[in-house]
1. Looking for whichever is out of contact with any Pro (no Cβ under 9 Å at 6 or more places or on another chain) and of a type outside the set (F, W, Y) here; the options are G212, G184. Which one fits?
2. Before we move on, is A120 closer than 16 Å to V26 by Cβ and in contact (Cβ under 8 Å) with a residue 12 or more places away in the chain?
3. Considering L30, L91, L62, L95, which residue is open to solvent by 30 Å² or more (accessible area, probe 1.4 Å) and closer than 20 Å to G170 by Cβ?
4. Can you find, within region 160-171, the residue that is farthest from I119 (Cα to Cα) among those that are among the β-branched types (V, I, T) and open to solvent by less than 10 Å² (accessible area, probe 1.4 Å)?
5. I want to confirm something. Restricting to region 200-224 and keeping residues that are over 21 Å from the mean Cα position of the chain (by Cα) and among the β-branched types (V, I, T), which single residue is surrounded by the fewest Cβ atoms within 10 Å (Cβ to Cβ)?
6. Which residue pairs have Cβ atoms under 8 Å apart, sit 6 or more places apart or on different chains, and have a first residue in region 214-243 that is aromatic (F, W, Y) and a second that is part of a loop (DSSP other than H, G, I, E, B)?
7. Does A112 fit the bill of being of a type in the set (A, V, I, L, M, F, W, C), in a helix (DSSP H, G or I) and crowded, with 22+ Cβ neighbours inside 10 Å?
8. Sort through G40, G107 and tell me the only one that's touching a helix residue (DSSP H, G or I) at 6+ places or on another chain (Cβ under 6 Å), open to solvent by less than 50 Å² (accessible area, probe 1.4 Å), of a type outside the set (D, E) and modelled with pLDDT under 95.
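The values are calculated or read from the model by the stated rules, or taken from the named source; none is laboratory data. A quick note: this is a predicted structure, and the numbers were derived from the prediction, not measured. Backbone-built Cβ (ideal geometry, glycine too); neighbour counts: all protein chains shown. For the accessible areas, the whole protein counts, side chains as well, though only heavy atoms, and no ligand, DNA or RNA atoms are used. Shrake-Rupley method; radii C 1.70, N 1.55, O 1.52, S 1.80 Å.
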Amino acid sequence: TKTIAIIKQKLAEEQVVVVVSALGGVTNMLIECSTKAQQGDTSFTQTLNEIKTRHSDTIKTLLSGIYKEECESYTEEVLAELRDILTGISLIRELTPRSLDLVSSVGERLSAYIIAKTIAQSGVDCEFLDARTVIKTDKTFGAAKVNFEKTDNLIQKKICNTSTLFVATGFIASTDDNETITLGRGGSDYSAAIFARAVNASILEIWTDVDGMMTADPRKVKKAFPLEHVTYAEAMELSHFGAKVLEPRTVIPAMSKNIPVIIKNT
């Protein structure tokens, strides 16, 4: 609900593209399902049911009528496909990086769809955007390298000449053969930077649960405080030395177009 309020407030000020990650903890649960399936441990179905319940509850809280129905049937379809993949993994007891990426992509596909439908329900012209249709990469499963030329073109074609609000999946992309692939750790922030670069955004906002780049790890250093302003190079350096608020790669697409990056706490 808070996320949606933030989006609507921004929308009143200017045109935005929203990039979302999975619901908290869901990607880890999906990885857990894969590992269990690979080991032939059938309790992966329990974890799968938890994932289903979590999304069903969210849908019930946020949606009603036709929007709720659409969301439920989409979620059902994605989770049925996921169950089939996990069953396959458990039968052959093999988990390839390619299969792991396909399983890991589910969280973003569900959360972005739910958020898009919730915003549409409130009367905004809003569409779900599966980033696999616009972000193109090589075949490095688990840590894909983006083909920026192709990606920029596809994103511009899709979103630059319309006033529709797009809610896109973070973290996921696709190869030239349309295989699902992920962008690696911190992938949703990186996805947001990829979109920002393609549309020449005036600003890239990363919404998280901390107050920004801190002078030190606030859990270890009581007097740590947020840095008001850092250069791209400093941000990358802080990330390399363990500042988890920003993935070092996130800065690169923004830096290429001199787009300021703002870190905000939801």
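1. Numbers: G212 fails: out of contact with any Pro (no Cβ under 9 Å at 6 or more places or on another chain).
Checking each option against the conditions leaves just G184.
2. no
3. Numbers: L30 fails: open to solvent by 30 Å² or more (accessible area, probe 1.4 Å); L91 fails: closer than 20 Å to G170 by Cβ; L95 fails: closer than 20 Å to G170 by Cβ.
Of L30, L91, L62, L95, the one residue that is open to solvent by 30 Å² or more (accessible area, probe 1.4 Å) and closer than 20 Å to G170 by Cβ is L62.
4. T169
5. Out of the qualifying residues, it is V221.
6. From residues that are aromatic (F, W, Y), the pairs are F225/T215.
7. On the way: of a type in the set (A, V, I, L, M, F, W, C): yes; in a helix (DSSP H, G or I): yes; crowded, with 22+ Cβ neighbours inside 10 Å: yes.
Answer is yes for this residue.
8. Residue meeting the stated conditions: G40.
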